[in-house]
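Computed from the coordinates by the stated procedures, all read-outs in this text should not be read as laboratory data. Keep in mind that what you see is a predicted model, and the values were worked out from it rather than measured. Neighbour counts are summed over all protein chains in view; Cβ atoms, including those assigned to glycine, are modelled from backbone coordinates with ideal geometry.
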Amino acid sequence: MLGFKKEIKFALPDSYYKNIYEIDYSKLKKQNINTILFDIDNTVAKVDDLNIPEKTETLFKNLKSQNFKILLFSNNHSKRVLPVSKKLKTKALYEANKPQKTAYQKALKILNSKKENTVAIGDQILSDIVGAKKYGIKAILVDQLSSKNNVKTKMAQKLGLRIEKKLTKKHLFKQGKYYN
C-alpha cells in the first residue's frame, strides 16, 4: 500500500465529480487538456454491461467535435473493451495494466499525446487516480455507476477504500463531496 505521508499527493484526485456528464470539459480545454483517458467499468458503463446509454454516445460525440483525443483505457479484456470502443467509435487499450507507468506510456503513444495535455477519468482511486498522478497526468475521480465489480477490480477497490478512509480521516477527501 502507499506510504501515506510520502505519497498522499498521488491519491488525491485533481477533481471529483458525481459522473462523467458533470465534468466541466470546457475548463479542461482552458487548461490545455486535449486528451482524455476514460476508464470503462463503472465509469463509462456498468460492469460487464455492453449497453451504452445514448447520453454517453452523445457525450463522446460532443467531445470529439471539440477535438479531444479519447481513449478507452481499461484493465479488462478485449471481449469487454472492444464492443464498447466500437459503439463509442473511439480507440481503446485493453489489458492496460493500470496503475503501471507503462500503461500510461502506451496510452499516450496510441494517441500521440503528451502527459501534460492529458487527463485520466475513472472510478477507482488506486488504479485510475494513483496511476495517472504518479505518471504526471491530471486525474478526475467519478462515483461508481454500480456497486458491482469484477474480480480484478474488487481487489483494487479494497485497497482504494483503505486509502479513501485515510484521506477522509485527514479531512482531505469525502465521498459525495464533489469539487473541481
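Before moving on, here are some points about what is shown:
- For Lys27, a cut-off of 17 angstrom between C-alpha atoms picks up these aspartates and glutamates, skipping any fewer than 8 places away in its own chain: Asp14, Glu116.
- Once percent of Cα pairs over 24 Å apart is calculated for the structure shown, the corresponding label among (1) 30; (2) 61; (3) 38 turns out to be (1).
- Net charge over other residues, Cβ less than 9 angstrom from the Cβ of Leu111 (K, R count +1; D, E count -1): +3
- Chain lengthening between Lys170 and Lys27 when straightened (0.36 nm per residue, less Cα-Cα): 48.7 nm
- Computed from point charges on the beta carbon alone (+1 for Lys and Arg, -1 for Asp and Glu), the dipole magnitude for segment 4-169 about its Cα centre is near 520 Debye.
- Taking trypsin sites (Lys or Arg not before Pro) in DSSP loop conformation with at most 15 other Cβ atoms inside 10 Å as exposed sites, the chain has its longest uninterrupted site-free stretch at 19-88.
- Close amide-amide hydrogen proximity is noted between Lys138 and Thr118, Ala120, each under 5 Å apart and 5 or more residues distant or on a separate chain (H modeled in the peptide plane; Pro and chain starts excluded).
- Value of relative contact order over the chain, rounded to a whole percent, pairs C-alpha under 8 Å and six or more apart: 31 percent
- Set Lys106/Lys169; Lys61/Lys170; Lys89/Lys165; Lys55/Lys177; Lys89/Lys169 screened for pairs whose C-alpha atoms are more than 32 Å apart: Lys106/Lys169; Lys61/Lys170; Lys89/Lys165; Lys89/Lys169
- Helix-only [θ]222 nm of the chain, DSSP H runs n ≥ 4, -39500 (n - 2.57) each, per residue, nearest 500: -11500 deg cm²/dmol
- Cut-off 13 Å between beta-carbons: net charge of the residues surrounding Asn180, Lys and Arg +1, Asp and Glu -1: +2
- Taking only Cα atoms of segment 33-95, radius of gyration then Dmax in Å: 10.8, 30
- Mean sequence separation of contacting Cα pairs (under 8 Å, at least six apart), scaled by the length of segment 54-154, corresponds to a relative contact order of 19 percent.
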